[in-house]
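The values are calculated or read from the model by the stated rules, or taken from the named source; none is laboratory data. The structure presented is a predicted model; accordingly, all values stated were derived computationally and were not measured. Because the Cβ atoms are built from the backbone with ideal geometry, glycine has one as well, and the counts that use them run over all protein chains shown. The protein model used for the area step is the full one, side chains on, heavy atoms only, and it has no ligands, DNA or RNA in it. Shrake-Rupley method; radii C 1.70, N 1.55, O 1.52, S 1.80 Å.
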Amino acid sequence: QDSQSRLTGLQLSGDKPIQIESERLEVREEDNVAVFSGNVSVVQGPTLLKAGRMKVYYLQDGGSAATGSANIDRLEVDGNVYVKSENQVATGDSATFDMKTEVLVLSGKEVVLSEGENVIVGCRLTVQMKNGQAELDGCKDTKAGGRVKMLLTPGSQNRQ
Amino acid sequence: MSNPKDNAAGAARRGHGDAIRNTERGAEDFALASRHSRRVRLLKRVLPAAAIAITVVFVGYSYLFSGTRGAIDLASASIEGGSLVMSSPELNGFTSDDRPYKMTAERARQKLGGEDVIELEGIRAHVPVDGDNFATIQASDGVYDRGNNRLDITSEIALRTTSGIVAKLDSAEIDIAKSSLSSSNPVEIELDGTKIAADSFAAEEGGKVFVFDKRVRVTIDPSRIRETADARN
């Protein structure tokens, strides 16, 4: 089964500037893709994403990737992904973010979602970035038998 | 070939000093003088012809050997300090995928007898980029290597493309035939709301592939992108 929790922090606020840094960026015009590689970090307001590589896929609608006039279709991130918002941190092996549906999916052998001392471990975290609604699915094929492991630290709610 | 002027002066001095003593030697001096004047008459025709020949050869050489690399036409050319100085030269040609490029400069300097290298001042280049876009490149000075059709620009460069890219580079090596550009110094590229900065940059395959390397920093301002996107459609 899976657990629902509100991940209010993990929201992409519409018009705050986004700052991306990496060691290298290759923009391939014909494949409509821009590849950031080498400790990539993406910051927008309080939300931070870190990863080894991030591919930005542009829509095929004619705008050019190099000139940035094309709008972004989706992001694919891999190389141990770390996502942090005001009070939550999520880590996993890879992540995809679909710009239209604004859904972030973080997956991997062990996806860890923590808020303060509360830690939830599963294999697939799906976050609706529009409202921060997050859903963590267990790992089907591990000995945990597909169950989500949740560690709740008593009294951590009021200490926040 | 001894300088004609000295011979004439020498003959005159000998003749002048001994005029009274050996008039019979007059015949010998006369022969010397007439031989000299014949030589002068000859040189009077040969020297200008040689000058014209050299100029024709040079202009012809630069025109003929430009081949697909583009023909040089000059407003005027003068020779200063051992190098040919051309004012407002214009170079037109075609890239490997057959698209026209043009390069003009306020002044170009080529060492006479030097290899195929021309120093340029006040450069403006109009080079095809991706799709059917063009880039205009402006820089204060650089060196054009005609041999392998490369332009190395050592001063700050302003680049603008018809697709709206604005770029500032500190230096650039441009391979005109392959229409590729690379710079090992900091670069800043901006379009509509996206700014990319990095410590080195290369545009290959005519701008189809951009590679930014070392300390890449990208700033995207979604509101400005939306503004320009709305403005555009």
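Listed values, structure above:
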{"read-out": "Within region A:106-126, tally of residues that are buried (at least 16 other Cβ atoms within 10 Å of the Cβ) and either in contact with a Lys or Arg (Cβ under 6 Å, 6 or more places away or on another chain) or not in a strand (DSSP E or B) (or both)", "value": "2"}
{"read-out": "Of all residues making up region B:159-216, the number that are modelled with pLDDT under 90, open to solvent by 50 Å² or more (accessible area, probe 1.4 Å) and among the hydroxyl-bearing types (S, T, Y)", "value": "1"}
{"read-out": "B:S140 being within 14 Å of chain A (Cβ to nearest Cβ) and open to solvent by 20 Å² or more (accessible area, probe 1.4 Å)", "value": "no"}
{"read-out": "Test for A:V119: is it under 30 Å from A:L25 (Cα atoms) and at pLDDT 80 or above", "value": "no"}
{"read-out": "Residues being at pLDDT below 85, surrounded by fewer than 18 Cβ atoms within 10 Å (Cβ to Cβ) and out of contact with any Asp or Glu (no Cβ under 7 Å at 6 or more places or on another chain) - total across region B:217-227", "value": "3"}
{"read-out": "All positions within region B:180-204 that are polar (S, T, N, Q) and within 13 Å of chain A (Cβ to nearest Cβ)", "value": "B:T194, B:S200"}
{"read-out": "So A:R74, is it more than 19 Å from A:E115 (Cα to Cα), in contact with an Asp or Glu (Cβ under 9 Å, 6 or more places away or on another chain), in a strand (DSSP E or B) and at pLDDT 90 or above", "value": "no"}
{"read-out": "Members of region A:13-37 that are more than 8 Å from every other protein chain (Cβ to nearest Cβ) and either in contact with a strand residue (DSSP E or B) (Cβ under 8 Å, 6 or more places away or on another chain) or open to solvent by less than 20 Å² (accessible area, probe 1.4 Å) (or both)", "value": "A:S13, A:N32, A:V33, A:A34, A:V35, A:S37"}
{"read-out": "Every residue from region A:80-99 that is of a type outside the set (S, T, N, Q), open to solvent by 30 Å² or more (accessible area, probe 1.4 Å) and in contact (Cβ under 8 Å) with a residue 24 or more places away in the chain", "value": "A:Y82, A:K84, A:E86, A:V89, A:D98, A:M99"}
{"read-out": "Meets criteria (at pLDDT below 95, more than 9 Å from chain B (Cβ to nearest Cβ) and open to solvent by 30 Å² or more (accessible area, probe 1.4 Å)) for A:Q1", "value": "yes"}
{"read-out": "Hits in region A:39-52 - residues which are modelled with pLDDT of 90 or more, within 12 Å of chain B (Cβ to nearest Cβ) and open to solvent by 20 Å² or more (accessible area, probe 1.4 Å)", "value": "A:N39, A:S41, A:V42, A:V43"}
{"read-out": "Residue satisfying all of: in region B:163-179; among the β-branched types (V, I, T) and assigned to a loop (DSSP other than H, G, I, E, B); nearest to the other protein chains (Cβ to nearest Cβ) among these", "value": "B:I165"}
